[in-house]
Amino acid sequence: MKTLLWTTAVGVGLLAYILILIRVHKEAFYVKQRLELALAGSKMGIWDWSITEGLVVRNSSYAEMLGYDQDAFTNKPISNTTLVHPDDQPRLKAALDSYVAGETDEYEQEYRLLGASGQWRWVLARGVVVSRDRRQRPTRIVGISVDITERKQMELQLRELSYKDPVTSLYNRAYFDLKIKELDREESLPLSVIIGDLNFLKLANDTFGHVAGDALLINAANVLKSNCRVGDVVTRWGGDEFAILLPNTTEAEALLVCERIRATCAETQSIPVQLSVALGAATKTSMDQSIDDVVESAEDWMYRHKILERDGDALRWTTLARRAERYH
């Protein structure tokens with residue numbers, strides 16, 4: 001009798017345990033389902049990277065975030081695929097390697113991934129180690145990736161605006177300083193610099209008003225851009241000064257650009273002030289040269305030309321005075 005009761009109790013207990021397992025399994029299933037539905041509308045994907053196996057399991061939201069079918073999406077670590085933008089690949093791989101090696105306390109990176117539509121999507125990825133081996137080496141990392149394309153595009157637009165001169169729409173001095181550091185490398189040599197100084201800007205502002213001065217600046221900017229290549233960096237350096245960076249341009253080629261700019265200025269009918277820009281150029285031909293010295297040399301040549309061009313200033317000033325009389 002006791003055996004029967006004990007067997008019955010065990011059976012009831014086992015049944016209850018099985019029912020609890022079924023309930024937990026169902027609840028876990030529904031939680032997972034709700035989580036998937038929430039992630040589907042949030043442009044967020046979850047990934048689980050087994051470092052020892054070299055495989056990554058991603059939920060369906062990850063593939064949907066980029067417009068791919070789940071079955072067609074890769075299970076390789078993202079840093080080992082061509083989905084990552086080439087410019088971001090070295091930085092991403094270095095960050096992952098550093099985190100896995102324990103050199104950094106956290107993994108967080110922003111980078112571009114190629115979507116199914118062929119467009120690059122910006123994502124923010126964060127990960128954390130969830131398991132280690134006996135030697136405390138990471139064996140598994142779990143993380144999330146969030147689509148931040150809209151936010152990134154807004155950031156880039158704001159940054160672009162911060163680098164633009166509001167009058168001429170040329171890039172400003174801050175952008176010049178940024179690009180000259182980027183171009184100061186072997187691949188850009190010979191690297192030429194042209195410095196220009198707009199003549200009569202103060203006279204135009206004082207005599208005809210700032211509208212005339214702004215028009216003179218805009219005309220000068222248009223002339224400079226029209227005589228430069230797409231890859232050249234044309235900037236308003238400040239006030240009445242302009243600066244141009246010409247990668248892979250010899251000194252002779254830079255001087256030809258200066259001649260074209262002068263000729264175009266002479267042909268441009270700027271009323272009431274004739275467009276005139278004093279120009280100086282210098283070229284960096286070796287990495288042994290300081291780029292600051294090259295810029296200074298171009299500026300010195302510009303001032304020398306400005307002094308030489310003063311021979312015709314008397315006639316120009318007389319003409320401007322006559323125009324000013326007609327405007328008042």
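Exceedance of the 24 Å cut-off in Cα-Cα distance is limited, within the set LYS152/LYS225; LYS164/LYS225; LYS179/LYS284; LYS181/LYS225; LYS152/LYS179; LYS93/LYS179, to LYS152/LYS225; LYS93/LYS179. The largest accessible area among TRP301, TRP47 belongs to the first residue in TRP301, TRP47, and the rest follow in falling order (1.4 Å probe, all chains). Rolling a 1.4 Å probe over the heavy atoms of the protein chains gives region 175-256 an accessible area of 42 Å² per residue. Taking all Cα pairs closer than 8 Å and separated by 6 or more residues, the relative contact order of region 166-229 comes to 38 percent. Count the net charge of all other residues whose Cβ sits under 13 Å from the Cβ of GLY143, scoring Lys and Arg as +1 and Asp and Glu as -1. Around GLY143, the charge tally is 0. Simple rule: put +1 on each Lys or Arg Cβ and -1 on each Asp or Glu Cβ in region 174-237, find the dipole, and look at VAL223, VAL233, LEU198; the Cα lying farthest toward the positive end is VAL223. A simple count of charges around GLN70, restricted to other residues whose Cβ falls under 9 Å of its Cβ and scoring Lys, Arg +1 and Asp, Glu -1, yields -2. When you restrict to C-alpha pairs under 8 Å that are six or more residues apart and normalise by the size of region 78-122, the relative contact order lands at 37 percent. Taking all protein chains together, SER131, SER276 sort by accessible area into SER131, SER276, largest first [probe 1.4 Å].
Sites listed here are chymotrypsin sites (Phe, Trp or Tyr not before Pro) in region 75-111 whose DSSP assignment is loop and whose Cβ has at most 16 other Cβ atoms within 10 Å, and the list is empty.
Of the GluC sites (Glu not before Pro) in region 47-113, the ones in a loop by DSSP (not H, G, I, E or B) with at most 13 other beta carbons within 10 Å are GLU53, GLU103, GLU106. Within the shell of other residues whose beta carbon sits under 13 angstrom from the beta carbon of ASP288, the net charge comes to -2, with Lys and Arg scored +1 and Asp and Glu -1. The dipole here belongs to region 109-153: it is taken about the Cα centre, uses +1 on the Cβ of Lys and Arg and -1 on the Cβ of Asp and Glu, and is about 340 debye.
Averaging Cα coordinates gives a centre for region 206-226 and one for region 79-107; these two points are 48 Å apart.
The values are calculated or read from the model by the stated rules, or taken from the named source; none is laboratory data. Because the structure is predicted, anything quoted here is derived from the model rather than measured. So basically every Cβ, Gly included, is an ideal-geometry build from the backbone, and we count neighbours across all protein chains shown. When the accessible area is computed, the model is the full protein with side chains, heavy atoms only, and any ligands, DNA or RNA have been set aside. Shrake-Rupley method; radii C 1.70, N 1.55, O 1.52, S 1.80 Å.
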